Amino acid sequence: MLDTLDIHTRARIIDAITRAIDHSFTQDNAVQTDAEIKQRFEICFKAYKILRHDLGWSLQRIEDEMPLALRALLDGGRWEPTERRTSWVTDGATGLIVPPTIE
């Protein structure tokens, strides 16, 4: 299915999956075997297909969700795409762009 994507989209998805896999190995302090890398890639690509094709998410939103999906599925838990969307806003007093968690 990757071969049906344009080169830009393919590169972004592979980068997002690679970052998620790398992050998961760091968290787990695990050995990177070919079988384990393949398993984690398949988990991530399945999540990509759900997020992009079933839910119509943007690539940026998928990139943000990918590590969360992988972590949940590796831990044997249930993963549901994050419903809450956050956006950055401009602070009226300073004019700075700040994340929504900062008041």
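The values are calculated or read from the model by the stated rules, or taken from the named source; none is laboratory data. Owing to the predicted nature of the structure, the values given are computational and were not obtained by experimental measurement. Note that we place each Cβ from the backbone using ideal geometry, even for glycine, and neighbour counts take in every protein chain shown.
Among the conditions (1) surrounded by 16 or more Cβ atoms within 10 Å (Cβ to Cβ); (2) touching a residue at least 12 places away in the same chain (Cβ under 8 Å); (3) more than 10 Å from the chain's Cα centre (by Cα), LYS49 misses just one, which is (1).
Could you check ASP3 against (1) surrounded by 12 or more Cβ atoms within 10 Å (Cβ to Cβ); (2) of a type outside the set (A, V, I, L, M, F, W, C); (3) touching a helix residue (DSSP H, G or I) at 6+ places or on another chain (Cβ under 9 Å) and say which number it fails? The single condition ASP3 does not satisfy is (1). The set of residues in segment 12-48 being farther than 12 Å from GLU63 by Cβ and either hydrophobic (A, V, I, L, M, F, W, C) or in contact with a His (Cβ under 7 Å, 6 or more places away or on another chain) (or both) consists of ILE21, PHE25, ALA30, VAL31, ALA35, ILE37, PHE41, ILE43, PHE45. The listed residues are ILE7, ILE13, ILE62, and the only one of them that is among the β-branched types (Val, Ile, Thr), at pLDDT 90 or above and more than 12 Å from the chain's Cα centre (by Cα) turns out to be ILE7.
The residue of segment 17-42 that is farthest from the chain's Cα centre (by Cα), among those that are under 19 Å from THR4 (Cα atoms) and in contact (Cβ under 8 Å) with a residue 12 or more places away in the chain, is PHE41. Whenever a residue of segment 58-72 is without any contact (Cβ under 8 Å) to a residue 12 or more places away in the chain, its partners that are surrounded by 15 or more Cβ atoms within 10 Å (Cβ to Cβ) and of a type in the set (A, V, I, L, M, F, W, C), lying with C-beta atoms within less than 8 angstrom and at least six residues away or across chains, give the pairs ALA72/TRP79.
For residues that are in contact with a Lys or Arg (Cβ under 7 Å, 6 or more places away or on another chain) and of a type outside the set (S, T, N, Q), scanning just segment 1-50, find the one that is nearest to GLU65 (Cα to Cα). So the residue we want is ILE21.
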